[in-house]
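Remarks on the structure that follows.
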Ligand SMILES: [Zn+2]
């Protein structure tokens, strides 16, 4: 079992470059590493109607990065301190089977409705799709309970001290409030977020790309489960690099940028070596949510644009 203290020793504090893909829970997590696997099959009409969908799945000029490299700009207690205060919260053996089934179902949902739609889909809508399309399959009662429990978890007990910004599992994103950003698979909220992104592109150029925009509660649950799968079901450890469901500011406006064609490295400290980063920084776009050396020991994550 991977514990926080082993993890710290391994990582030297840099998380993004250390997590080993698909470490324990097999094929589902691994399959998600393939960008191609995000692209859905035929698009059912109801998807187009319901989700403000793209006309077709994007196939080229797509600035994909593997989602598993995503890490949040979050407030968590330093791992060495954390270990002295809290025991790790790890998914129990009894729950592992449900955990795997839930993760697989989310994966099928994403594949079915498409990567872009999945970024903004609500929970009720997800349930509807799962119920209506056998390629996804209805969530079982145990899976529903597992997700509700995960959403309700006290983040502090995981060592996560950020705010809960989405209070209800069922809260959904209003379609008229968002805009699709071409060739990224991501959306931004109209208004401040979108305007900031346009200004960045105008100031710096199109070598800066959106790497993670709006993430609905559903998307954040999926990312969090994926992250948990990478670290042997250790939710405390997962919450060190990814905000627990309901706690990501990506649900309400913040977004991440990177350098075009830089892939997963956009979510590592290598991004801070790029010209794009230097210009973002010089122009004052990189206002971090939690200052360096704050009492929560938040890591510096230079790719996150604070909007809210
Ligand atoms: Zn971010």
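Since every read-out is calculated from the coordinates, none of them should be taken as a lab result. Treat the numbers as computed from the prediction; the structure is a model and nothing was measured. Please note: Cβ atoms are built from the backbone with ideal geometry, for glycine as well, and neighbour counts cover all protein chains shown.
Kindly rank 88-94, 124-130 from highest to lowest mean number of other beta carbons found within 10 Å of each residue.
On the way: 88-94: 15.1, 124-130: 18.6.
Ranked by mean Cβ neighbours within 10 Å, highest first: 124-130, 88-94.
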Points 7 angstrom from Cα along the Cβ direction at residue 270 and residue 176: gap in nanometres?
4.4 nm
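Round to the nearest 0.05 the FRET efficiency obtained for residue 308 and residue 92 when R0 = 51 Å and r is the Cβ-Cβ distance.
Values: r = 35 Å, r/R0 = 0.68.
Approximately 0.90, to the nearest 0.05.
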What nm value, rounded to one decimal, do you get for the distance between residue 163 and residue 203 when each label is placed 7 Å out toward the C-beta?
2.3 nm
Once label points are set 7 Å from the Cα along Cα→Cβ at both residue 149 and residue 131, what is their separation, rounded to one decimal in nm?
2.4 nm
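Hey, can you rank 271-277, 245-251 by average C-beta count inside 10 Å, highest first?
Working: 271-277: 17.7, 245-251: 24.9.
Ranked from most to least packed, the peptides come out as 245-251, 271-277.
Sort 207-213, 281-287 for me by packing, meaning the mean count of neighbouring Cβ atoms within 10 Å per residue, highest on top. Walk me through the numbers on the way to the answer.
Details: 207-213: 23.7, 281-287: 12.7.
The peptides rank, most packed first, as 207-213, 281-287.
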